[in-house]
Every structure is written in C-alpha cells, then in structure tokens.
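Reading through the structure tokens given below for one structure.
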Amino acid sequence: MGNWWRDLRYGLRMLANNKGFAAVAILALALGIGPNVAIFSIVWATFLAPLPYPDADQLVAVWTKVKGERSPSRADDYLQYLRESKSFQRLDFWPWRQVHLTTPDNAQEEVAGAIFTPGIITQNFHEHMILGRDLLPEEGVPGNDHSVILTHELWMGRYHGDPRIVGKQIKIEDQPYTVVGVIQPGPEDRHVTQFAVPLALTPGGHNQVWGSIYGRLKPGVTIAQAQAELAVIDRRLAATRSGDLSKEAWTVSVEPLKNTWMDKKLARNLWLLLAAVSFVLLIACANLANLLLARGSSRQQELAVRAALGATRSQVFAQLITESLTLAILGGAIGIVLGWAMMKLAIAIAPNLGSSEAVVQLNLPVLYFATGVTLLAGVLFGCAPAWQAARLNLSETLKQGSRSMTGRGRMRTQRLLVIAEFALALTLLAGAGMALHSFWNLTQIDLGVRTDHILMGRLVVPKSASTSSASNSAMNPDLINANARRLLAKVGSLPGVQNAALATSMPLEGNGSFPFNIVGRPVAETNRPVADYELVTPSYFDTFGVRLLHGRFLNDDDRADSPQVVMVSQSFVERYLQGVDPLHQSLLLQKIVPNQKPGTATAWQIVGVFHDIRNGEHLTDKTAPQIFAPYWQSPWPYVGLAVRTALDPGVISQNIRDAVAQALPGYSLAHIETMQQAVNIELKGDRFGMVLFGMFAVLALLLAALGIYGVLAFAVAQRSHEIGLRMALGAQQRDVVLLILGDGMKLALAGVGIGLMGVVVLGHLMRSTLYGIKTIDAGSFAAVALVLLAVAVLASYIPARRSARVDPMIALRQE
C-alpha cells in the first residue's frame, strides 16, 4: 500500500510537470468514456433495469394476434379469459380509448385520462395511493362508474396538491366524476394519461370495446404455462369471432410486460449505438497508448537511472500503470459529466424509449459501469507503454546518453495502433454514412398526400353519445351524418380554412384489414381477400391532395339513398384486379352500422382508382391495398378531422377546436398535430440513430486524426538526424514532405483496407434498421473513405511541413 501511495504521488507530480500532455490525455479519454456512459444509461433503463413495480417479473401482456400480427383484444375475450384462466393472480383490461377533462364551461382540455378495470393500480401493479383509495370492483358497473383517480403529477400541477381533493367532483367529457384517490409519485406520472376512470363492462353481453390485456402471474407459474392455458380457451373463443378469417389465423400470446411496446427498430439502434461508442473508447485508448509510448521514449534516461539505482522491472511497470490509472480516473470523472450532458441531448432527440416506465438517469448501475470502463481503459492504454518500459535495456540506454533512441518494436506498436484507429473510425463513419443515406431515402418517400398546411385531430365523442346501447339515438346513422355535415360547415367557414374532411383514420395512422369479395369470383369464407378500409367524406381528396389515376373521386352525390360505390388504390388493382378494368368491377362488403353486428354483404361499385397512400404506422411499411367508401353511405362516429389551411396550421388550431365545440356541444378535438409533425414523428427514430451515429463518427474521426498526427510528429522528432542527412545530401523540402506524407498515407490506407471488413459486418447488422440501403453501400463507403483519407492527409501534412524546415547542420550537430 505504501508503494502504491508513493507511486501515485510521484505520478501526480509528473503529470503536473507535463500539463499539456496530461490535458490531451485526459480529454481524449473523457471523449471516449462520455459517449459510453450516455448510451449505456439509456440501454440500462430501457432493457436491463427491472420495471419499477414489486415482483415485476410476474407482469405480462396478453396479445391477440391475427396472422401473427398484434391486434387489439376484444373485451368479451378478456371476460372469458378472466372467468376460465387459473394462471393469473389478476387480469385487467385497458381499452385503446382516452377521455378528457372539461372545464366548467364545457370546453375541452388536452389532459387525457385512461379507462381500465378497477383495481389495476393497487392490485396488479402494486402501487399505493397517497390519498384516498383505488377504484373498486363495484364501480366497474354501468351506471356506477363515475369515479376517478388522479396521478400525483396532475394532482400537484392542476389541483395544486389540494389535500381535500378526495370527494370533490371534476368534469370529464362534460360529466361529473368524483375523485376517490391520488396515486403515489412514480411511473404513472410519466404516462400520457394523467387520470383514470373505471371501465364498465356487461358480463355476457356484446361489449364493443377493444384494447390491451395486462396480467400478473401467480407465483411459480411460467409464461409458457399461462400461454398454453389461454391457447385452449382461445380456440373455443375462435368460434364466436366473425368468419372473415380462418380460425387458425387468430392466436393469443402471453409476453413479458417489459418493453412490450418497444419499437424493434429502435431497440436494434440502441444496441448498435452501444457497440459504436465502444469503438470510440477503443480509439481513445489506442490514442492514449500512442501518447504514452511517445512520452515513454523521452523518459528512457529517467527510467534507466531508476533501474540502475535498484528499481525492479515490476516496480517500473507498477509506476507506469499507476500513472495511466491516474489519467484514467481523471478522464473518467470528466467523462461521466460529459456523458450526463450527452445523455440529456440523446433523450431530447430520442423517441419514447419503449415505455414510460424507463427512467434514464445516472444511477448506481451506470456509475458502476463508468467506473469499470474507466479502470479497463486505464489498464488497456497503460499496459503497452509499461511493458515496453519494463523491458528497457539498461546498459544500452545509459550508453546512448542524451542521444535519442527509439526501438523498432515501439514504432511498430504505435503504427499498428494508428491502423486500428483508422479501421475503427472508418467503420463508424460508414455506419453514420449509411444512416444518413437511409434517412435521406425516407424523406423522399412518396406518401401519396401533401404534407403542407394540414392540421389533423381526433374527434372525441362524449360518453353519453358512445354508449353501446343499440337504442341510443346518438348512434343513429342519420344523426351521425347530420352532425358531420354541421361540423364540416362550421369548420369550413373559418377564415383561412380551405378544406375540411372527416375520415376514420388519417395517413400514417394505420388501418384495420377488412374482408371482401369480388363479385363474380366466389372464394371460400376462410380465404377471403382483405384490404384496408376507410370511410371518407368527399372533401378528403382535395384536403390531402390525393391523385386520381382512373375514374372519378367520391362526391356529395354519393348519399345513403344512392348506389353504393367505393374507390380502390393502385396497390389494390395490382394485387386483385390485374388484367381487368377496375371500373367494371364490384366488391361485396358488409356494411358497418354503429352498435350493430355487420349485416349481409352487398355489392359496391368501383368508381375510381387513386394513387397509393402510405397507410401503415411507419413510413417504411409496405403499402397495403386500400378501399375508400363514402362516409355519407356508412356514417361512423369515431373519426378524425383534417383541415387544409391557407395560414400556418398552428395559428388557427384553437379556432378549429372552438368551432368543433360550437358545432357539436359535448364533442371535442384531441391529439391535434400537423401532417408535417406526423411525418417528423415517424422520422424521429431514424433521426435519433443518424444524429448519434454521426456524432460518434465525427468524434472517432477526430481521435484518429490526433492519433496519426501524434505518431508522425513523434516519428519526425526521432528522425531529425536522418532528415538532416537527407537534406545535406541534396533532398529538397518537397521530397521530405512527400516522404512523411507517404508514411501517414500508408497507415491510413492500411486502416481503410482493414476497416472494409468492419463495414461489411456493420452493414449486415444495420440492414434491418435502414431503408433503401444494401449490405455494402458503395456510395457511403466511398464518401467516408475519402473523408478519412483527407483528414489523414491534413494530419500528416502538419508534421511533414515541420520536418521540411529542419536545418541540416543543427540536426546533425544535435545527434
């Protein structure tokens, strides 16, 4: 211990006497450790940290899948699982619908709330209430469901932490609800929904509700066991589902709750980024090893004298390792601060990381990781110089006196390290180039609609108008049509509004598949073709700038008492109507009526073909065949509103919201965004990967440039005698510059050659996260290789130019 403390004090004195060297070394290491801390903190919170609930490994999500794709589950299926399953402590249902607060004057607010089965908070997620109680089972009964619980965030922000909030009434969708509890601070505060009301289901009845099922397994029950049990129940339920798909197409899947909503593309990007920052750290370590090797050359006499005075090789090795670890600890401390700042930047540009439960922060696991990386880096970049110094030939070194001496092994090691730096830098630059190229390709995708000056939102139907009772007059098709016409007239009359339209879903929202038949082409019930089905008002086409390819658009003459007509997309024609005139074809479709089961299929004449519209939930989703039916012939209450404006859409958003409330009292507009914002949200994940890959690649390029500069500068200093002799024998300055540049370019070209193998491997790993990019993107590789070589030329030219200014007589006299 005493020896270590002595080595530490001596090392600190040496670093204090070489402030320039210490500053460069510490900064280089901080630049290597900082990105690792930032990305690991995100990876830890997203993938490795347990959910912030007791016994979180028991929490699962139950998914209904149609042909292997996730689909919302039916509330009636949930009730059947609840009655028959024995594997769960508890099963809960969370509909894919939100409710909103309303002010005393019935104005709609942005604050959204969830609807779920009573007791999910305290009994499933095992959270606690800081005020009042959780929702009770008896409050999940129609007519007794006007209770509400608040998140801590909403209670503190909107209600100012009122300790007497329990028992008070608030208005939700123009209906009075009694506050019965406030949830403790925690993950619920980070949800989009900030309050919850009970879900009221009718046991044994037809509940037109779809959503997610969450469960908590009993102790000792595995996911596989729960899966097998629900699969048996689901096979019986398949007989109760509509006959548009084969019964085998429906399956049920029990999956861990953690990251159940995680985007797979984002997950792959995060792991790739963690690998990328590991490369940055390796480059930083190689750089520092080169710096220490160069510094070790200047300390040969000092180390030889120490050895002559009795220091053993192990003591010399320990001294140099202690110095490198001291540098590592100082660089690691700065790197943690830098990593914290980079983490905040990454979160600012990152999409939602899987779920709201992920809390990205500098916690103990992240600090343990940072400490481990710091110590590992200290050993990695300290071992090579320490080993070289420990093998010092004492007699030869003392014989040389003040004459400079550099072993071939030392220079070979430095050159190999620079080649490795360039290979790693090329790999990162190629990754950044491919990410940039992919992002550019995404921005050039033809969406099939215009994105400028369009404002969109979802029409929120008041609870009183959305009840599942078949006798509810608010669900009458004639009344729905009348409301829709009144709404469009009111919004269309606003200053700055050019067009307004209603549709069951907007571009990029994703649509549900709907079965149909082509008249004259009978097929088995289980093999019926499917297409995305959407109801639109005639103004939809002008609002979004949809392009007509054949026939006509839907118009206001397509009313309930007119012949039933539809339009189909270009993809629909290519898949189902090859070789025939689509305008001479009709489709057999079941008409959907609110609160009623689909009736008998009737014929709908195709009157037009429109250019494909991107209808998936991501820009890269394959465009599915689409059917557009007239809204007036199949009125549906749950729709979105799209408005084309002559002004900035954000300026008139409040006017549009007010117009909705005036035209349809009790209704409101939620989730308001522009079409361009919707596109930007879809691009956010790709932008996240592109920006971070670019940042780390630039950092790697900078470190690699410093590496080649340091090696060549050191080589020039060591070869001053040789250079002076060359110039004394007639070599010109240009010859000396080309000589040093040639040495630098040999190292860079060797690094590019080796880096090509890394680029191939990275291309395979990134292939699933890129759009329109092959495994080897020749354009990106050529561009980044040229950039890397240009940087190498610049880094080599500075020491080369310095070498050309050597005075031959002074250089020879010094040696």
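Restricting attention to the range 45-83, the residues that are of a type in the set (D, E, K, R) and within 14 Å of Asn259 (Cβ to Cβ) total 2. Look at the range 780-795: where a residue is of a type in the set (S, T, N, Q) and a partner is in a helix (DSSP H, G or I), sitting 6+ places away or on another chain with Cβ atoms under 7 Å, you get Ser780/Ala430; Ser780/Gly433; Ser780/Met434; Ser780/His437.
Return yes or no: is Pro515 at pLDDT below 95, surrounded by 19 or more Cβ atoms within 10 Å (Cβ to Cβ) and either more than 20 Å from Pro630 (Cβ to Cβ) or touching a Pro at 6+ places or on another chain (Cβ under 9 Å) (or both)? Yes. Out of the residues in the range 364-379 meeting the condition of being without any contact (Cβ under 8 Å) to a residue 12 or more places away in the chain and either touching a Leu at 6+ places or on another chain (Cβ under 6 Å) or farther than 14 Å from Gly32 by Cα (or both), tell me which one is least open to solvent (accessible area, probe 1.4 Å). My answer is Leu364.
In the set Gly779, Gly744, Gly763, Gly753, which member is at pLDDT below 85, open to solvent by 30 Å² or more (accessible area, probe 1.4 Å) and not acidic (Asp, Glu)?
None of the others qualify; the one that does is Gly779.
Out of the residues in the range 668-678 meeting the condition of being under 13 Å from Glu173 (Cα atoms) and crowded, with 20+ Cβ neighbours inside 10 Å, tell me which one is farthest from the chain's Cα centre (by Cα). Here the answer is Ser668.
Kindly indicate whether any position in the range 219-231 is modelled with pLDDT of 85 or more, open to solvent by less than 60 Å² (accessible area, probe 1.4 Å) and not in a helix (DSSP H, G or I). Looking through the range 219-231, at least one residue is modelled with pLDDT of 85 or more, open to solvent by less than 60 Å² (accessible area, probe 1.4 Å) and not in a helix (DSSP H, G or I). Checked against (1) at pLDDT 80 or above; (2) farther than 27 Å from Leu272 by Cα; (3) of a type in the set (S, T, N, Q), Ser41 meets all criteria but (2). Just one of the listed residues (Val639, Val593, Val643, Val609) is under 19 Å from Ser505 (Cβ atoms) and at pLDDT 95 or above, namely Val643. Scanning the range 408-463 for residues that are in contact with a helix residue (DSSP H, G or I) (Cβ under 9 Å, 6 or more places away or on another chain), assigned to a helix (DSSP H, G or I), over 30 Å from Ile708 (Cα atoms) and of a type outside the set (A, V, I, L, M, F, W, C) yields a count of 2. Among the residues here, Ala705 does not qualify as under 29 Å from the mean Cα position of the chain (by Cα), under 30 Å from Gly742 (Cα atoms) and modelled with pLDDT under 85. Within the range 632-659, the residues that satisfy the criterion of being in a helix (DSSP H, G or I) and crowded, with 22+ Cβ neighbours inside 10 Å are Pro649, Ile656, Ala659.
Across the range 232-270, the qualifying residues are those that are modelled with pLDDT of 85 or more and part of a helix (DSSP H, G or I), and the one among them that is surrounded by the most Cβ atoms within 10 Å (Cβ to Cβ) is Asp234.
Counting only strands (runs of 3 or more DSSP E) that sit completely within the range 133-196, those holding 2 or more residues that are open to solvent by less than 10 Å² (accessible area, probe 1.4 Å) and of a type in the set (A, V, I, L, M, F, W, C) correspond to 147-150, 175-183. Summed over the range 531-545, residues that are more than 20 Å from Leu589 (Cβ to Cβ) and either surrounded by fewer than 22 Cβ atoms within 10 Å (Cβ to Cβ) or of a type in the set (Gly, Ala, Ser) (or both) total 3. In the range 68-91, the qualifying residues are those that are among the acidic types (Asp, Glu) and open to solvent by 10 Å² or more (accessible area, probe 1.4 Å), and the one that is modelled with the highest pLDDT is Glu84. Among (1) over 29 Å from Phe514 (Cβ atoms); (2) modelled with pLDDT of 85 or more; (3) in contact with a Pro (Cβ under 9 Å, 6 or more places away or on another chain), there is one condition Ser212 misses while meeting the rest; what is its number? Ser212 satisfies every listed condition except (1). Residues that are modelled with pLDDT under 80 and acidic (Asp, Glu) do occur in the range 718-737.
The requirement of being of a type in the set (D, E, K, R), at pLDDT below 90 and either crowded, with 16+ Cβ neighbours inside 10 Å or closer than 20 Å to Ala624 by Cβ (or both) is satisfied by Arg528.
The values are calculated or read from the model by the stated rules, or taken from the named source; none is laboratory data. Treat the numbers as computed from the prediction; the structure is a model and nothing was measured. Quick reminder, even Gly has a Cβ in these numbers, built from the backbone with ideal geometry, and neighbours come from all protein chains shown. Heads up: the accessible areas ignore ligands, DNA and RNA and are worked out on the full protein's heavy atoms, side chains in. Shrake-Rupley method; radii C 1.70, N 1.55, O 1.52, S 1.80 Å.
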